[in-house]
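Nothing in this text is a laboratory measurement; each read-out follows from the coordinates by a stated rule. Treat the numbers as computed from the prediction; the structure is a model and nothing was measured. When we count neighbours, we look across all protein chains shown, and the Cβ atoms used for this are built from the backbone with ideal geometry, even at glycine.
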Amino acid sequence: MESFIVRQAILDDRQKTVGYEIIYNEHLGADTQISDATAANAIEEFLSNSATDTFLDGKPAFLTFTTGLLEKNIPKMFAQSKLILQIEDSLITNPASHKLITKYYQQGYKFAVCDFEFAPRFFGVLDVVNYIKVNFRDFKSQTLNNVISIGNSFGKNVIAYNIECQEAYDKAVACGCRYFQGPFVSEKLPATIKKTNYLQSNFFLLMCAITKDEPDIDEIESIVSRDVSLTFSLLRLVNSAYFALRNRARSVKQALVILGLGQLKQWIYLLSFKQEDGSMPDELLKVSFLRATFASELLPLCKDMPISKSEAYLLGMFSTLGKLMQCDLALALDQLPIVDEIKNALLYQTGRTGQLFKLIISYEKADWKTMQECAEDLSIPQNAIATKYFDCVENVNSIWNSLSRPNELAE
């Protein structure tokens, strides 16, 4: 069986990423405990396919360990500050494991216990547990509030995970959870954000690039393409009635060529006066950037695709546009000159382009069964998907980190 690994962000109530859980295809949805061999293979795959600090963007990894791996001192491969040892029921119910857990805790490692319940078996390890994770897939359960209240009373950091909708998120907040994880969380916007904002450091680089004596159109294209808000604004501007184009611009490069350097400068200066205070959640912008990069890298591996690599990039980039603009995605897409294949893929996941988008979303959610079905339909070699994902994450993180130090880049 091929190995697939995805990182899933854990955010606090300010939408700041505090860590990433590393999820792998341990049993493709089967209701079984993770074996030593499966966990070991996943950790080896994780270590061999990534520069872990780059892949995790400097945040700690929540990584599941079995008793066997603890006995073999596998956690020692990680710095204490970079690892949260995640343990499941199999360790909680095994008395022999308690000594191991205590040993690592005394050495400075932190623990997270999954699926915490108000049950006697959990209380034997609570003294050495830093985080408790509560499953919100069945968020209407009447017991959740009591479970979280007990966790908080013990002074534990409560993580609500498997949050898949606004109602589940609201329930987690109301119950007193401090941290949140799940498909819905990384795309959630804080209520205080009222408009699309540009990534400030990226906008700084764009200003620098456009004011050079000899601006490089490829460099400008690269900078604009990193930010869904800039990309959207540029395409909408160039395809407006003002330019009255016979053929609409369908890529960033086309739009820049049509606009020309003179008007491009005017557009950028205009944008510079429209900035507002407030910030966009990092994780949401990273999601759009990562999806865009992942889609464009997977496209050449697909057979019989009706879109180009640059269009695949827009497929991923614009998948978060509804969240960013706080409107229905269909309304946002109606303002753009993108081909119907992309619109239908984003809205209905139809056609081969829709299969590609579904593959990316399924990979994010660790829905390995659906992801594999999409890969087979698209004739993508499954052994290439995880490698592409790792490469894309590290590339996005590398660029993102450089954007957080714009003054250094300008020197």
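The string of couplings for region 348-357 from the Karplus curve (6.51, -1.76, 1.60, θ = phi - 60°) is 10, 6, 9, x, 5, 5, x, 5, 5, 5 Hz, one whole number per residue in order, with x for Gly and Pro. 3J(HN,Hα) along region 18-24, derived from phi through the Karplus expression 6.51 cos²θ - 1.76 cosθ + 1.60 where θ = phi - 60°, amounts to 10, x, 10, 7, 8, 10, 9 Hz, with x in place of Gly and Pro. In this structure the amide hydrogen of Phe4, modeled in the peptide plane, comes within under 5 Å of the amide hydrogens of Asn25, none closer than 5 places in sequence on its chain.
Compute, for region 283-344, the length of the dipole vector about the Cα centre, with Cβ point charges of +1 (Lys, Arg) and -1 (Asp, Glu) only. Units Debye, rounded to 20. List each step's numbers first, then the result.
Numbers: 6 positive and 8 negative charges, 41 e Å.
The dipole magnitude comes to about 200 debye.
Centre-to-centre separation between the Cα atoms of region 330-375 and those of region 71-114: 39 Å. Expressed in Å, the radius of gyration and Dmax of the Cα atoms of region 5-185 are 15.6, 43.
Which ordering of Ile223, Ile159 is given by a fewest-first count of other beta-carbon atoms within 10 Å?
Values: Ile223 24, Ile159 29.
Starting with the residue having the fewest Cβ neighbours, the order is Ile223, Ile159.
In terms of its alpha-carbon gyration tensor, region 52-142 comes out oblate; a/c meets the 1.5 threshold, while b/c is at least as large as a/b. The label point for Lys82 and the one for Thr67, both projected 7 Å from the Cα toward the Cβ, are 3.0 nm apart.
Modelled label positions at Gln349 and Asp127, each set 7 Å beyond Cα in the direction of Cβ, lie 4.7 nm from each other. The simple spin-label model puts a point 7 Å past each Cα toward its Cβ; for Ala40 and Lys212 those points are separated by 5.1 nm.
Which of the residue pairs Lys140/Lys323; Lys16/Lys286; Lys82/Lys110; Lys59/Lys323 have a Cα-Cα distance greater than 18 Å in the structure shown? Beyond 18 Å between Cα atoms: Lys140/Lys323; Lys59/Lys323.
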